[in-house]
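Structure record follows, encoded as structure tokens.
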Amino acid sequence: MSTSTARLPRVRASELVGRGWLNTGGRTVTLADLRGKVVVLDFWTFCCINCLHVLDELRDLEARFSDVLVVVGVHSPKFVHEADPVALAAAVQRYEVHHPVLDDPQLVTWQAYTARAWPTLVVIDPEGYVVAQLAGEGHAHNLEALVGELVAEHEAKGTLRRGDGPVVIPEPEPGTLRFPARAIVLPDGHLLVADAGHHGLAELEADGETLVRRIGAGTRGLVDGGPDEARFAEPNGLALLPEGLRATVGWDVLVADTANHVLRGVRLSDGTVTTVAGTGTQFLVGAPDNVVDSAVGAGDSAASAVTPADRRGVGYDGPATGVRLSSPWDVVWFEPWQAFAVAMAGHHTLWAFDPVAGTVRHAAGTMTEGLLDGPAREAWFAQPSGLAVDEGGRLWVADSETSALRVVETADDQTAAEAGDDSTGSSDRGGRVRTLVGEGLFDFGHVDGPAAQARLQHPLGVAALPDGTVLVADTYNGAVRRYDPVTEEVSTVATGLAEPSGLVVLTDDPSAPQVLVVESAAHRLVRVPLPAGVGRRVDDGAHRTQRPVTVLAPGQVRLDVVFTPAPGQKQDDRYGPSTRLRVSSSPAGLLFDGAGDDVPLTRVLTLDPAVGEGVLHVTAQAASCDADPAIEYPACHLASQDWGVPVRLEAGAPDVLTLPLLG
């Protein structure tokens, strides 16, 4: 199939309208300015892990087509904090966005292009016509083919214009730290900081300011070796290996090297860095080559060994350096698993990494984004980003996209044992997930009080205190919050912080607790004394993400996910069904019938008119491989997308909801 057959009908692109522009030197960019270029609009929001993945995908595309392609980021915020222009400017620097960005806080351009999901990509040809719209991540192959075809077509027509685009990148401010993410106390009292903006680690004196040394060359990349040659990409989580195991494995600190999709081991004596888990290629949910056969090497597909069950995200256990990871965000030693727990933000799960055996295993979550409690392997997470273990052996999770504080209680706990949880096949992998604070993907705020009514806003860090209470780095509220498991109350202990992302407890003395806060957007570490007892109560209100509502008829509605394989590809049924569709709703009562997981991409839903409105959560996947029968080992790709579609039921409204899924 040629690329052109997958294109949309030619429709004039809408003008780019918003509050202002970044990365243009203050200049307003119009579609007329971009005439003659292939344009890709990237509708994103900086909280969204899928959006960050797309930024990485676009980097290669921008480099290859630098003189004919202009990428324009259209920032369409989900959270209140993301609508702050100062926060957006920081995020553009943090994630090294090197193309023009339109600030669209009122979703004006989002609505003009009928975007429904973060991220959404829209391709505009050199004559100003929309030719494709793609939702989700993993479209690098399709985009490369489409852009290449458009360049050839319009060069032949004389409508292509080569040359530089309208981008002006500001110089970064110098400083010891740049967007630090996490910190830990080393055995000698020094602090080790994940210096994400500098793509490395910084060792500081105990004062949190004086630089001792850097580990990492300071440029984005994946290179092992000594402290001056090793390279990282946006490292986040840090954890010390238990003392008794350090000599056995030959390194001391585990690093979640987030944008490289790997875990790294660091030997403190000389700063040597070694990749200990992951292949450096992102795990795509359901893809047939996430498990790499170590006998054939990371560059070869092991698709023949993957079953239909693997496509559902189950069974990816194996040698640590032979399994793909997806944006590991935090790590912590978790004794009940005899392994490091890994917050795998990229596909909404928790994994376990055994440094002695050199293995990884999928431990919790289904790879569906959402908020669902229950047995660990059946629970839903949404970008788990912070981990901590308390003295009772419970694993606390800052689940950022649901603005939730959650806990994993292992199967050794009486509660889980009585529930008969054997979902993981062995007791050390068991446990149950409970939500203490949080309501769902679209509910957030800054509200203290009883945990059931409390609200957070995109928390990234968590820490367990000696007195049994739990601290949360409430990142987008600029606050540190405290949860008391005894009273089940939430309070605020510090405010006015610039995107706090990590917490370090500095004393084991419950009578004089002190915490070190990694204040990421202020590029520093700051000590915060904790008040004794309950902190103050704040009520700045609860919020719900506001997006354009789709009006549907009450009763039966047909959901059609229309899948178009990438150029030269066809649907792949060699290892079982090539598609998957999962549907749920918030509130659950909105879906009277039609919820659940099945193969076809079409389903009849029954929407309850008594509920009237809510959000439909739709996850669709479809696999495709090279269509040419002459190719002995066809390349395969997986299209996967999550939609959260706000709906309102009205009599006489359409009874069909169509969502596009492109390979």
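The values are calculated or read from the model by the stated rules, or taken from the named source; none is laboratory data. A quick note: this is a predicted structure, and the numbers were derived from the prediction, not measured. No Cβ is skipped: glycine too gets one built from the backbone with ideal geometry, and neighbour counts run over all protein chains shown.
A few remarks follow.
Each row is one residue, and each column tells you yes or no for (1) closer than 21 Å to residue 207 by Cβ; (2) crowded, with 21+ Cβ neighbours inside 10 Å.
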| position | (1), (2) |
| --- | --- |
| 459 | no, yes |
| 468 | no, no |
| 477 | no, yes |
| 494 | yes, yes |
| 498 | yes, no |
| 505 | yes, no |
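- Test for residue 161: is it touching a helix residue (DSSP H, G or I) at 6+ places or on another chain (Cβ under 7 Å) and at pLDDT 95 or above: no
- Those strands (runs of 3 or more DSSP E) of region 1-92 in which at least 3 residues are buried (at least 17 other Cβ atoms within 10 Å of the Cβ), considering only elements entirely within it, cover 38-44, 69-75.
- Scanning region 634-652 finds one or more residues that are assigned to a loop (DSSP other than H, G, I, E, B), surrounded by fewer than 22 Cβ atoms within 10 Å (Cβ to Cβ), assigned by TED's automatic domain parsing to the domain that holds residue 570 and modelled with pLDDT under 90.
- Exclusive hit being touching a strand residue (DSSP E or B) at 6+ places or on another chain (Cβ under 9 Å) and over 24 Å from residue 90 (Cβ atoms), set 253, 167: 253
- Condition broken by residue 177, with the remaining ones in (1) over 21 Å from the mean Cα position of the chain (by Cα); (2) assigned by TED's automatic domain parsing to the domain that holds residue 93; (3) in a loop (DSSP other than H, G, I, E, B) satisfied: (2)
- Pick from region 535-554, criterion in a strand (DSSP E or B) and either assigned by TED's automatic domain parsing to the domain that holds residue 613 or closer than 28 Å to residue 110 by Cα (or both), ranking: modelled with the lowest pLDDT: 544
- Every residue from region 252-276 that is of a type in the set (D, E, K, R) and in contact with a Lys or Arg (Cβ under 6 Å, 6 or more places away or on another chain): 252, 257
- Here residue 131 fulfils each of the conditions (1) part of a loop (DSSP other than H, G, I, E, B); (2) modelled with pLDDT under 95 apart from (1).
- Checking region 266-283 against the condition returns no match, with no residue being under 13 Å from residue 325 (Cβ atoms), acidic (Asp, Glu) and assigned by TED's automatic domain parsing to the domain that holds residue 183.
- Enumeration of residues in region 581-622 that are surrounded by 14 or more Cβ atoms within 10 Å (Cβ to Cβ), touching a helix residue (DSSP H, G or I) at 6+ places or on another chain (Cβ under 9 Å), farther than 19 Å from residue 658 by Cα and not charged (D, E, K, R): 611
- Filtering 59, 19 for residues that are charged (D, E, K, R), within 30 Å of residue 628 (Cα to Cα) and assigned by TED's automatic domain parsing to the domain that holds residue 166 leaves a single hit, 59.
- Condition met for residue 146 (touching a His at 6+ places or on another chain (Cβ under 8 Å), buried (at least 17 other Cβ atoms within 10 Å of the Cβ) and in contact (Cβ under 8 Å) with a residue 40 or more places away in the chain): no
- Looking only at region 466-500, residues that are in a loop (DSSP other than H, G, I, E, B) and within 30 Å of residue 91 (Cβ to Cβ) come to 6 in all.
- Any chance residue 238 is touching a residue at least 12 places away in the same chain (Cβ under 8 Å) and part of a helix (DSSP H, G or I): no
- Selected residue [crowded, with 19+ Cβ neighbours inside 10 Å and within 26 Å of residue 507 (Cα to Cα)] from 183, 233, 259, 206: 183
- Failed condition for residue 99, given (1) surrounded by fewer than 23 Cβ atoms within 10 Å (Cβ to Cβ); (2) farther than 28 Å from residue 402 by Cα; (3) in contact with a helix residue (DSSP H, G or I) (Cβ under 7 Å, 6 or more places away or on another chain); (4) at pLDDT 95 or above: (1)
- Odd one out for residue 465, checked against (1) within 30 Å of residue 335 (Cα to Cα); (2) at pLDDT 95 or above; (3) of a type outside the set (Lys, Arg): (2)
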